[in-house]
Amino acid sequence: MSTAFAQIPVGVVVARRKAASKWIDYTWQPVSILVGQPETMPWTKLSDDGDTAMFYAGGAVFELYRSETANYRDNLSGDNAVWVVLQPSVGDFPYDLIKVTADPTEGEAFASVGDNIVESLSMPENLRELVAAFIAEHHVEQPFFKRKRTEADPEALARHSPLYDMSKSKSDGPKS
């Protein structure tokens, strides 16, 4: 069960292009976001011109969390992007659609894991409006508190009187 405060169904279109490499046949790249999920089955071929084929990769849930509104706000004022994460599949399809997010830190985290394909795409205007409305309703500015260092205690490392006299060794104990 998700702890997201808002969930928006989205779909992803992916382009498969012939590669100019002797090691791989094709490259895969997310190219667009659809707000809502069409009735089309995942990995349905939408078009093919010989060099590039377009596929509907499938649907995902675009989740918005109240704790991440500052990241969404920064995204809208800067990149205005959506990050799509594809992970190599072991099934019938070449990739699994793992995540679609507006949180740049989450997108960056997925980019550093394994063989994932992480692409930032321009956020569709209707999705941007939904994110902006979510921020307006749920964002709470967190005050910045600069931590103050504690004063150094100059006596902390100074010599102190010993708890016992170190000049007496264990062998100098009482004689019988």
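Test of understanding: in a Gaussian network model of the chain with alpha carbons linked when under 10 Å, which of 152, 133, 57 would top the mean-square fluctuation ranking? The residue that fluctuates most here is 152. Of 144, 110, 62, the residue with the greatest mean-square motion in the GNM of the chain, using alpha carbon springs below 10 Å, is 144.
Any read-out appearing in this document is the output of simple, stated calculations on the displayed coordinates, not a laboratory observation. Computed from a prediction, not measured in an experiment: that's the story for all the values here.
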